[in-house]
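Participant: The structure under discussion is supplied below as structure tokens; questions concerning it will follow.
The values are calculated or read from the model by the stated rules, or taken from the named source; none is laboratory data. Only a predicted model underlies this, so the values are computations on that prediction, with no experimental measurement involved. So basically every Cβ, Gly included, is an ideal-geometry build from the backbone, and we count neighbours across all protein chains shown. When the accessible area is computed, the model is the full protein with side chains, heavy atoms only, and any ligands, DNA or RNA have been set aside. Shrake-Rupley method; radii C 1.70, N 1.55, O 1.52, S 1.80 Å.
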Amino acid sequence: MTKENTRNADKRGGIAEDGDTAREATRALVIVPVLPHRFADGGKQEDHKTPAYYREFQRSDEARLEEAKGLARAIDLDIVHSDIVQVSAPRPATLLGSGKVDMIAEIIEETHAELVIVDHALTPVQQRNLEKAWNAKVLDRTGLILEIFGRRAQTKEGTLQVELAHLTYQKGRLVRSWTHLERQRGGGGFLGGPGETQIESDRRALQEKILRIKRELETVVRTRALHRSKRRKVPHPIVALVGYTNAGKSTLFNRMTGAGVVAEDMLFATLDPTLRRIRLEHGEMVILSDTVGFISNLPTHLVAAFRATLEEVVEADLILHIRDISDPDTAAQAEDVHAIMADLGIERGDTKRIIEVWNKIDLLDEPGRESAQRLSAAATGNEHPIPVSAITGEGVDTLLAEIENRIAGKLAHVKLTLKPEQMGLIDWIYQHSSNLKRKDEDDGSVVLTMDMTVTSNAVLQEKLLTKNKA
């Protein structure tokens, strides 16, 4: 990537792309600043007031670095150097201390890096000052996630949501070193006047774009609401898959539905929601919804922009919280997912609605697998997690049975006699039962014994009552 391309990318606020010719991957540095606990929320609270879950489930610095590198690889960056940088106190001008800034500048010069990823939120002033000091493009964590989302969005809805989030992010970042932003345009009147600065004009233009996209998204939201209302008329329960990015949601979705949703070992491999119908063992029909993966420190405005997509989760009858149980930071990831769901109004204590799924047990060693199975069996009520492997299929039948149990109730052992005039129900019974045994009587009636969910049994009794009245 040439310097000219870097400058063009800087003006667009993104990574440079040569659309007509093949290009080499952008050389990038990945920096993970590590701040004391008291600055975890921007310094708004004292260390002893830091939430207990933050201290208990805080990620290791190495895990944060690996995740940041994974995010960088998701947009095909060539990582030439990565490092964890200890910061005793954030500097208002650069976040990092002057010594660290100079050290990184030397690394940039040695490696000829064109881009620096800082895995932390940067203010516009910090971003500008670091770009000056390093003579390279700088992206913070939010900017990097937006770049990934921009590449992953396929549908019109996804594209609009990404654009809205990007414009909202850029609105506060018109503090650049470009002098043209400070020029004034002439005002109205005979003599003219001070008019407005270019930066004010650009900010106004951004606001107009934001309002336009919000109006378009409102149309999308209404369309989704219409689709949901149509689905309610054919009352198939909605089962939404949520979880930390790369927890294996799409792979499990494919295993359960036979769909061909993109599933890669990559952060944010899928972005747009996908819905598929599946029929459970005892005939219950449900709709599975695969959604965008969650991630730590997901900006509030990004969650707001994807509200239209995340409403599928809010409206779901059942939520599968998919966890990568093989990840050492699975507990911290689960806390991040719970925090985002809480922002959507879904409380973590809602065990009737949430099933915790421990995925990737095939990656555990034998003691780890035994421990997972033991913990699952020891839990009581609706709180027990279900260990599965989306790759091998282990535990998926148990998960489907639990979904059916939550949706339609536990199995009931049913015995009934169908009269000849009720034989029209036989096909429905075969579709909604298991372990069915049939005995044909001399008078043309049929005696059936079978297992059937409580809900299906109630529907059957209603159908029999209707037949009798007819």
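Participant: Confirm whether residue 456 is within 42 Å of the chain's Cα centre (by Cα) and of a type outside the set (Lys, Arg).
Facilitator: yes
Participant: So residue 376 clears everything in (1) over 28 Å from residue 257 (Cα atoms); (2) assigned to a helix (DSSP H, G or I) except one condition, right? Which one?
Facilitator: (1)
Participant: Using the structure shown, decide if residue 429 is over 30 Å from residue 466 (Cβ atoms), buried (at least 18 other Cβ atoms within 10 Å of the Cβ) and aliphatic (A, V, I, L, M).
Facilitator: So residue 429 fails the test.
Participant: Let me confirm something: among 95, 139, 130, which residue is at positive phi and open to solvent by less than 50 Å² (accessible area, probe 1.4 Å)?
Facilitator: Details: 139 fails: at positive phi; 130 fails: at positive phi.
Going through 95, 139, 130 in turn, just one is at positive phi and open to solvent by less than 50 Å² (accessible area, probe 1.4 Å): 95.
Participant: Which one is most open to solvent (accessible area, probe 1.4 Å) among residues in segment 329-343 that are closer than 16 Å to residue 315 by Cα and in contact (Cβ under 8 Å) with a residue 40 or more places away in the chain?
Facilitator: Here the answer is 343.
Participant: Please verify whether residue 9 is among the hydrophobic types (A, V, I, L, M, F, W, C), at pLDDT below 50 and within 19 Å of residue 143 (Cα to Cα), treating the condition exactly as stated.
Facilitator: The answer is yes for residue 9.
Participant: Further question on the same structure: Which residues, counting only those in segment 252-278, are open to solvent by 40 Å² or more (accessible area, probe 1.4 Å) and at pLDDT 85 or above?
Facilitator: Of everything in segment 252-278, those that are open to solvent by 40 Å² or more (accessible area, probe 1.4 Å) and at pLDDT 85 or above turn out to be 255, 276, 277.
Participant: Right, here's the next one. Please go through segment 429-470 and give me each residue that is closer than 21 Å to residue 403 by Cβ, assigned to a helix (DSSP H, G or I) and touching a helix residue (DSSP H, G or I) at 6+ places or on another chain (Cβ under 8 Å), ordered by number.
Facilitator: 454, 455, 456, 460, listed by residue number.
Participant: If you don't mind, another one. Check 76, 83, 41, 18 and return the single one that is part of a loop (DSSP other than H, G, I, E, B), modelled with pLDDT of 85 or more and of a type in the set (Asp, Glu). So that I can check it myself, show each step before the final result.
Facilitator: Values: 83 fails: part of a loop (DSSP other than H, G, I, E, B); 41 fails: modelled with pLDDT of 85 or more; 18 fails: modelled with pLDDT of 85 or more.
That would be 76, the only listed residue that is part of a loop (DSSP other than H, G, I, E, B), modelled with pLDDT of 85 or more and of a type in the set (Asp, Glu).
Participant: Are any residues in segment 310-328 open to solvent by less than 10 Å² (accessible area, probe 1.4 Å) and in a loop (DSSP other than H, G, I, E, B), and if so, which ones?
Facilitator: Passing the criteria: only 316.
Participant: From the residues in segment 151-165 that are of a type outside the set (D, E, K, R) and closer than 14 Å to residue 274 by Cα, which one is surrounded by the most Cβ atoms within 10 Å (Cβ to Cβ)?
Facilitator: Filtering segment 151-165 for residues that are of a type outside the set (D, E, K, R) and closer than 14 Å to residue 274 by Cα, the one surrounded by the most Cβ atoms within 10 Å (Cβ to Cβ) comes out as 158.
Participant: Just one of (1) over 15 Å from residue 117 (Cβ atoms); (2) surrounded by 15 or more Cβ atoms within 10 Å (Cβ to Cβ); (3) at pLDDT below 90 trips up residue 101, so point out which.
Facilitator: That leaves (3) as the condition not met.
Participant: Condition first: in contact with a helix residue (DSSP H, G or I) (Cβ under 8 Å, 6 or more places away or on another chain) and part of a helix (DSSP H, G or I). Now tell me which residues in segment 352-367 satisfy that.
Facilitator: Passing the criteria: only 361.
Participant: Here's another thing I want to ask about it. Quick check: anything in segment 149-161 at pLDDT 70 or above, out of contact with any Asp or Glu (no Cβ under 8 Å at 6 or more places or on another chain) and over 30 Å from residue 74 (Cα atoms)?
Facilitator: no
Participant: If you go through segment 99-114, how many residues are in contact with a Lys or Arg (Cβ under 8 Å, 6 or more places away or on another chain) and not aliphatic (A, V, I, L, M)?
Facilitator: So the count comes out to 3.
Participant: Which of the residues belonging to segment 390-400 are part of a helix (DSSP H, G or I) and open to solvent by 50 Å² or more (accessible area, probe 1.4 Å)? Walk me through it before giving the result.
Facilitator: Just the residues of segment 390-400 that are part of a helix (DSSP H, G or I), to begin with: 396-400.
Scanning segment 390-400 gives 397, 398.
Participant: Would you mention how many residues in segment 345-359 are open to solvent by less than 10 Å² (accessible area, probe 1.4 Å) and in contact with a Leu (Cβ under 9 Å, 6 or more places away or on another chain)?
Facilitator: 3
Participant: Continuing with the same structure: Regarding segment 295-304, can at least one residue be identified that is aliphatic (A, V, I, L, M) and either farther than 26 Å from residue 168 by Cβ or modelled with pLDDT of 75 or more (or both)?
Facilitator: Yes, that holds for at least one residue.
Participant: OK, next. Would you mention how many residues in segment 451-470 are farther than 14 Å from residue 426 by Cα and either loosely packed, with under 15 Cβ neighbours inside 10 Å or touching a Gly at 6+ places or on another chain (Cβ under 9 Å) (or both)?
Facilitator: Counting residues in segment 451-470 that are farther than 14 Å from residue 426 by Cα and either loosely packed, with under 15 Cβ neighbours inside 10 Å or touching a Gly at 6+ places or on another chain (Cβ under 9 Å) (or both) gives 10.
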